[in-house]
Amino acid sequence: MFSAWDRRERPPEEGAAAGLQGFGVDKTFLSSLKGILLETELALTLVIFICFTASISAYMAAALLEFFITLAFLFLYATQYYQRFDRLNWPCLDFLRCLSAIIIFLVVSFAAVTSKEGAAIAAFVFGIILVSVFAYDAFKVYQTELMPRTTEGDQQ
């Protein structure tokens, strides 16, 4: 019979190990340009959420929603879990995420600055910085993934 010592030396069953492989964090992604952009977006969204919570709580839902959406994209990309959903067009979803965040944060930031509170003005400044980060991310997604590629046969 097997003792407790023998059970520790045996490798885990393939089903259990294969199920956990999908959640391994890809550290090279986190240090890539896309990973750094998502981390920056996540941090700035959290700062804006805190500023809105301190000043105008009516606008904090938009920042919280974008925080969770960005966190979900960061998780899916960092763990390579998005590859399991092959029917979704991930570059297009990422581009639309950036565009919606740009629109939401522009509207909310300009609406918040009208209150003339210190935290609301800070949220406005961080919102404009975040809009530029989202715009750069949308540009990079469009440039690398969505822009039609020209081949040698297409040029005349």
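Tabulated results
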quantity	calculated
Per residue value of the accessible surface for region 49-156 (all protein chains in place, 1.4 Å probe), Å²	60 Å²
Potential lengthening between Gln80 and Ala111 on full extension [0.36 nm per residue; Cα-Cα distance subtracted]	7.4 nm
Computed E for Leu46/Asp26 - FRET, C-beta separation, R0 30 angstrom, nearest 0.05	0.85
Relative contact order of region 87-156, defined on C-alpha pairs under 8 angstrom at six or more residues apart (%)	42 percent
Near-label residues of region 94-117 by backbone N, under 14 Å of a point 7 Å along Cα→Cβ of Ala58	108-117
Gain in span if fully extended, Ile129 to Trp90, counting 0.36 nm per residue against the direct Cα distance	11.6 nm
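The values are calculated or read from the model by the stated rules, or taken from the named source; none is laboratory data. As the structure is a computational prediction, the values presented were derived from the model and not from experiment. Here Cβ is always computed from backbone atoms with ideal geometry, including for glycine, and neighbour counts include all displayed protein chains. Surface areas here come from the heavy atoms of the whole protein model, side chains and all, with no ligands, DNA or RNA. Shrake-Rupley method; radii C 1.70, N 1.55, O 1.52, S 1.80 Å.
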